[in-house]
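The values are calculated or read from the model by the stated rules, or taken from the named source; none is laboratory data. Not measured: the values here are computed from a predicted model. Methodologically, a virtual Cβ is constructed for each residue, glycine included, from the backbone with ideal geometry; neighbour enumeration extends over all protein chains shown.
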Amino acid sequence: MPRSFSRRFIQHGLLLCTSAIGTGFLGQYILQKNTLNAYNHPLHKPAVWLDDYPSREAQIDIMSKESEYDIVVIGGGATGCGVAVDAASRGLKVALVEKYDFSSGTSSRSTKLIHGGVRYLQKAILQLDREQYHMVKEALSERGNLLKIAPHLSYPLPIMLPVYKWYLLPYYYAGIKAYDFVSGRQLLRWSYVISKNKALELFPMLKKEKLVGAIVYYDGQHNDARMNIALAFTAAHMGANVANHCAVTEFIHENIQVNNKEGQTETKKIIRGIKCLDRYRNKEFSIRAKCVVNATGPYTDVIRQLDDSSVPKICQPSAGVHIVLPDYYSPNNMGLLDPNTSDGRVIFFLPWQKHTMAGTTDTPCEITDYPSPMAEDVDFILGEIKNYLSSDVEVRRGDLLAAWSGIRPLVLNPNKKDTQSIARNHIIHVSDSGLVTIGGGKWTTYRQMAEETVDRCIQSANLEPKNDCITKGLVLSGGEKWSPTSYIRLVQDYGIETEVAIHLSNTYGDQANKVADLSILTGKRWPVVGKRLHEEFPYIEAEVHYAIKEYARTAVDILARRTRLSFLNVIAADEALPCVIQIMAKELNWNEKKQKEETDRAKTFLLREMGLNLKRDMRRNVPINFTREEMRYYMKHFRQIDVENKGFLTLSDLKRHLQRMKISNSVSTTDSDISPEELRILMHEVDQNQNGIIETEEFLQLMSAINTGAVSTSHFIKAARIAKIKNNSMVERSGGGV
């Protein structure tokens, strides 16, 4: 039996190796024969391109006065803005409204990949699923186009698939080579196998125990929210009227006489437009149109039932959580794919915006305006990361910088009799009243989805476009004159520091000079202009001014989508908020009441949707469980600050203690002064209930959080110079008493 098993095992191994090698050579031969070229479609601009576009408020006034549009789009995500771009490029008269902000929903909360989906191809092959195969092929074709039309916002990214069992190497190699093969002419770069040593050289944080090698393949990565905004303003440059913060409240219906199948005349209710509420100005207006497109993602059913309350729901929402960690968790130019997590899901571990992003989960959920990351999802992702990283890298909950949840709008296909099966690709449905609904799909295929949607609009509403679809190769706003060295001109012409110039160039493309023009003097020798919103990030105050020109009307619009600060570091976003509010208040004439409303709304957003509550809960939920020795040690430090033995610490106690420490360390009297801002930071860090004092339990909670890794670093600990006590394994625990 053992000998027979061994023989079969070797046979299967040889078969896998042969398959992998055959797949590789076959794919390479066919691609070379077809003259491989990832960017074989010519770039172009549309016939109509406005140098500037109206303000948001002017756009709404134009929409309300226009007699009739060809198409009005509901939804300002990737698909909705893609439809607006496609329709405008065909010479159709287009309007678009979005309830919140462009990309405020799922489109800004993606995995940031432009990809076909390695796991989908695996399922397509193993299950012989033709529909899933075509979805991957379509996505890979669109991947190449998107990398071409927005080069400032997207780029190829190598992703490593580490292998820890030698017999899986040919299996994974065959799959990745098949991915290359399906890419066809849109292949970015060839995948390749590397040794264990090379894998550790490229990804030093990787767990080396039992590692046998790795496979590296290429996909695309982008700044999803900025890509969505580029789509919105590409449409505006082509003459479309677009506006955010406008909610659809009602459809405008009209009864017409039509002949039924029996030739008899009957009355039919059709859609002739929408009624909207400008949520920023609290002003109602109407838009009349020949065709209305429902491109609202997770809200698909809300809009469908607004038209006809009797239609069944087709959206099956699923929540995907992502987390952001410091940059030292991954190299800055190599991602990681975990193809086999503990529960069968796939986890990506990617460098993004000089940080490390990991996700995603896939959990059924309810539709909500405020999707929130759950602690158990964060713990799951951290646990999977730990399985793949070296034991030298301590994966700590305290390293969590931000977390978010995006709702993936999976849909049932209403065009099929079997309405219980979820569509793996997108679906387009035209209701009896003429509402065109586009649902499902993915970020990468937004252009193809938009093309098919506009085709259906033309067919169903008898529209007359000036030309066919031209969005293949249509350069998005900011991409035409951009080059990888464009940032150098910003440094030389404006005196902007290099890091900021690179950020501006890679965010706004050839429009970056318009942001630089708004920059103010720093008051320093260098940089000359470009005051930062937060000293740790390259975002500058001029971007807030420019964001208002890009229709930003809330602080969240700027923190989450015009910049990506809340997605990268939620605490830094909270710290930058007062500056953002101050600039917006001056630009938009906000009174004190409005400023407070915006501040409160932004803080709620950061707490609920960006993981700030998780960071606070992580510390609050850490048990105070010290040994007697540790308890004596930390209470000794507490009493050194609490000289009056009150049982709590005040701002005065902190200031006196820190000044005493600086003087005792031979610091001059002038230098020993503690700034109010420094004291505020220290107090805010420890004072969890925000009552203005540091109680004994809060002090011990911080010490315990530091010891367990729930808090990674602490200003208070550094300032007070409280060293971490070395643990003795043979000691009695206090059980948390004070």
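So that you can scan it fast, the table gives a plain yes or no per residue for (1) modelled with pLDDT of 85 or more; (2) among the hydroxyl-bearing types (Ser, Thr, Tyr); (3) out of contact with any Asp or Glu (no Cβ under 8 Å at 6 or more places or on another chain):
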residue	(1), (2), (3)
Gln595	yes, no, yes
Lys615	no, no, yes
Val622	no, no, yes
Tyr634	no, yes, yes
His637	no, no, yes
Ser668	no, yes, yes
Asp687	no, no, no
Glu698	no, no, no
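Condition check ((1) over 22 Å from the mean Cα position of the chain (by Cα); (2) of a type in the set (S, T, N, Q); (3) within 17 Å of Ser55 (Cα to Cα)) across all residues:
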| site | (1), (2), (3) |
| --- | --- |
| Arg562 | no, no, yes |
| Leu565 | no, no, no |
| Leu568 | no, no, no |
| Asp574 | no, no, no |
| Gln595 | yes, yes, no |
| Met610 | no, no, no |
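Would you check if Lys177 is buried (at least 22 other Cβ atoms within 10 Å of the Cβ), at negative phi and basic (Lys, Arg)?
yes
On the basis of being surrounded by fewer than 21 Cβ atoms within 10 Å (Cβ to Cβ), touching a residue at least 60 places away in the same chain (Cβ under 8 Å) and closer than 28 Å to Ser431 by Cβ, does Pro317 make the cut?
No.
Could you grab the pairs with beta carbons closer than 6 Å, sequence gap of 6+ or different chains, first residue in segment 326-354 and on the phi > 0 side of the Ramachandran plot and in a loop (DSSP other than H, G, I, E, B), second one at pLDDT 95 or above and not charged (D, E, K, R)?
Gln353/Leu568
How many residues, within segment 500-514, are closer than 18 Å to Trp352 by Cβ and among the small types (Gly, Ala, Ser)?
Count: 1.
Residues of segment 532-567 being touching an Asp or Glu at 6+ places or on another chain (Cβ under 8 Å), hydrophobic (A, V, I, L, M, F, W, C) and assigned to a loop (DSSP other than H, G, I, E, B), which ones?
Hits for segment 532-567 are Leu533, Ala552.
So in segment 355-371, with the set limited to residues that are crowded, with 21+ Cβ neighbours inside 10 Å and either assigned by TED's automatic domain parsing to the domain that holds Val556 or polar (S, T, N, Q) (or both), which one is farthest from Arg564 (Cα to Cα)?
Top of the filtered list is Thr361.
Just need a number here: residues in segment 605-624 that are assigned to a loop (DSSP other than H, G, I, E, B) and either within 13 Å of Phe699 (Cα to Cα) or touching a helix residue (DSSP H, G or I) at 6+ places or on another chain (Cβ under 6 Å) (or both).
Result for segment 605-624: 5.
Rundown of residues vs (1) of a type in the set (Val, Ile, Thr); (2) touching a Lys or Arg at 6+ places or on another chain (Cβ under 9 Å); (3) within 30 Å of Val73 (Cα to Cα); (4) in the same structural domain as Gln353 (by TED's automatic domain parsing), yes/no style:
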| position | (1), (2), (3), (4) |
| --- | --- |
| Gly184 | no, yes, no, yes |
| Leu188 | no, yes, no, yes |
| Met205 | no, no, no, yes |
| Ala214 | no, yes, no, yes |
| Leu231 | no, no, yes, no |
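For Val430, which of the numbered conditions (1) surrounded by 21 or more Cβ atoms within 10 Å (Cβ to Cβ); (2) out of contact with any Gly (no Cβ under 9 Å at 6 or more places or on another chain) fails to hold?
In the conditions (1) surrounded by 21 or more Cβ atoms within 10 Å (Cβ to Cβ); (2) out of contact with any Gly (no Cβ under 9 Å at 6 or more places or on another chain), Val430 misses (1) alone.
Can you tell me which residue among Ala573, Ala542, Ala547 is within 19 Å of Pro326 (Cα to Cα) and modelled with pLDDT of 95 or more?
Of the residues listed, the single one that is within 19 Å of Pro326 (Cα to Cα) and modelled with pLDDT of 95 or more is Ala573.
Could you list, in sequence order, the residues of segment 483-505 that are touching a residue at least 12 places away in the same chain (Cβ under 8 Å), part of a helix (DSSP H, G or I) and touching a Pro at 6+ places or on another chain (Cβ under 9 Å)?
Scanning segment 483-505 gives Tyr494, Glu499, Val500, Ala501, Ile502, His503, Leu504, Ser505.
Consider Glu480 carefully, then state whether it is of a type outside the set (S, T, N, Q), farther than 25 Å from Arg532 by Cα and either outside any loop (DSSP other than H, G, I, E, B) or touching a residue at least 40 places away in the same chain (Cβ under 8 Å) (or both).
yes
Can you find, within segment 290-309, the residue that is farthest from the chain's Cα centre (by Cα) among those that are crowded, with 24+ Cβ neighbours inside 10 Å and hydrophobic (A, V, I, L, M, F, W, C)?
Applying the filter and picking the extreme gives Cys291.
Please indicate, with yes or no, whether at least one residue in segment 411-423 is under 30 Å from Tyr155 (Cβ atoms) and without any contact (Cβ under 8 Å) to a residue 12 or more places away in the chain.
No - not one qualifying residue is present in segment 411-423.
How many of the residues making up segment 457-469 are within 27 Å of Arg143 (Cβ to Cβ), part of a loop (DSSP other than H, G, I, E, B) and in contact with a strand residue (DSSP E or B) (Cβ under 8 Å, 6 or more places away or on another chain)?
So the answer is 0.
Looking for whichever is loosely packed, with under 15 Cβ neighbours inside 10 Å and assigned to a loop (DSSP other than H, G, I, E, B) here; the options are Lys524, Lys472. Which one fits?
Among Lys524, Lys472, only Lys524 is loosely packed, with under 15 Cβ neighbours inside 10 Å and assigned to a loop (DSSP other than H, G, I, E, B).
Do we find that Gly509 is at pLDDT below 95 and out of contact with any Cys (no Cβ under 7 Å at 6 or more places or on another chain) in this structure?
So Gly509 does not fit the description; no.
I'd like to know if segment 192-203 contains one or more residues that are assigned by TED's automatic domain parsing to the domain that holds Thr341, surrounded by fewer than 17 Cβ atoms within 10 Å (Cβ to Cβ) and among the small types (Gly, Ala, Ser).
yes
Could you list, in sequence order, all residues of segment 101-136 that are assigned to a loop (DSSP other than H, G, I, E, B) and farther than 18 Å from Leu187 by Cβ?
Asp101, Phe102, Ser103, Ser104, Gly105, Arg109, Ser110, Thr111, Lys112, Gln127, Leu128, Asp129
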